[in-house]
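Below: one structure, written as structure tokens.
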């Protein structure tokens, strides 16, 4: 059994728990804790045993920095993100926050269409995007509306005269509300808030929430202390430089020693999900040793005909449908509105566990050019000199090979080491639509483990670990949740 420290609590990685313990995962890493561990679930004190009656996908965090040294055991907190009515059917939105649902989302009472009628009571947990959307880890349809609302997201507008703010697209009255943990007396644009309010019935789209009972500013991921270990999951907020990105207010630094998984530094974009290991430099800076994309990235660049776009739904590249996501940065409006003529378009995104691609960025790349296409993704098959990516046979004959840092490789080195699911980028390529194949001019082997030093997890005091991520694998049989309410 492997023993590890997460969040200042001694956790033993195991395949099963015991009668006195529960084994579950946080951001994909297994942990085991005693069932009588005090926790907070949806804002209320509980024990870990109670978590088993909640659906998988709640957001977990705890900040243990210094607490154990002071004789205080850190309390894990498990949270939802939204509780309230559906305010848009397609794409789905709850309390004005658009939701992305993938095959990795725990669904309870939600059908294959991923839609719910307006006004349906719903509960959502997931990762919050700066654009006011949520990448959902769990969506539950409730059988009846509860007594309260929960709204978590970014402040997009402040109207001081009317004493209102917009959280994403949801208007909220803050008259008489006392905010905790904000930089000022009330939040400003760009801060993130968590609001609890008494329920309002009926609640048509655009209803002003006037019943706030608790209001506070929050950090998307916790601040730290120098040398504390961080294990954090979130959506990228901004990429201010070639060696730094932000999740909320936390700056994450990386360099050539940082190990990337499922993509590389060039795949860091606003709205993209990442899991980061590293050490805090100060309260708002973390030095990353490992950065894993939550799901493997994909990238396409090719000529797109107008017929290949279903506005607001999907864009097909090389005949591969890439679905809209609430996190997409649609810079030229092509995914939202469609195309009037054929253009070269770049589409970036990720693959869920079913292999479905979702878009996180769509942008114009000029006139259509079938001889200058790009394809990036996990390798599905290998038959030298060909690799298959997203169902397309990529002929590497005559290509220039490098690793992700630009170091030259030979074809022999590449095919001796490349494996299924390794990330590979084919560029300066020509596309043969009839044969569904590419002839690549350049190949970048993003996952080149034979050429890398092994990743080194940060050293430090195990009592000073700060954790935030998606919790899974703790729930009893999930259908019991389909018609329940808290």
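Data table
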read-out: Selection within segment 38-56 - out of contact with any strand residue (DSSP E or B) (no Cβ under 7 Å at 6 or more places or on another chain), without any contact (Cβ under 8 Å) to a residue 40 or more places away in the chain and not in a strand (DSSP E or B); value: 49
read-out: Among the candidates 223, 157, 227, 175, residue that is in contact (Cβ under 8 Å) with a residue 12 or more places away in the chain, over 30 Å from residue 422 (Cβ atoms), touching a strand residue (DSSP E or B) at 6+ places or on another chain (Cβ under 9 Å) and not in a loop (DSSP other than H, G, I, E, B); value: 157
read-out: Every residue from segment 349-366 that is within 18 Å of the chain's Cα centre (by Cα) and in contact (Cβ under 8 Å) with a residue 60 or more places away in the chain; value: 350, 352, 353, 354, 356, 358, 360, 361
read-out: Scan of segment 213-245 for residues that are surrounded by 19 or more Cβ atoms within 10 Å (Cβ to Cβ) and farther than 15 Å from residue 466 by Cβ, ordered by number; value: 215, 235, 236, 237, 245
read-out: Residue count, segment 249-268 (criterion: within 19 Å of residue 469 (Cβ to Cβ), assigned to a loop (DSSP other than H, G, I, E, B) and in contact (Cβ under 8 Å) with a residue 60 or more places away in the chain); value: 2
read-out: Enumeration of residues in segment 79-106 that are more than 27 Å from residue 156 (Cβ to Cβ) and either crowded, with 19+ Cβ neighbours inside 10 Å or modelled with pLDDT under 95 (or both); value: 106
read-out: Strands (runs of 3 or more DSSP E) (entirely within segment 278-369) containing at least 3 residues that are in contact with a helix residue (DSSP H, G or I) (Cβ under 9 Å, 6 or more places away or on another chain); value: 297-304, 314-317, 343-351, 357-364
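The values are calculated or read from the model by the stated rules, or taken from the named source; none is laboratory data. Bear in mind the structure is a predicted one, so any value in this text is a computation, not a measurement. Virtual Cβ from ideal backbone geometry, glycine too; neighbours counted across all protein chains shown.
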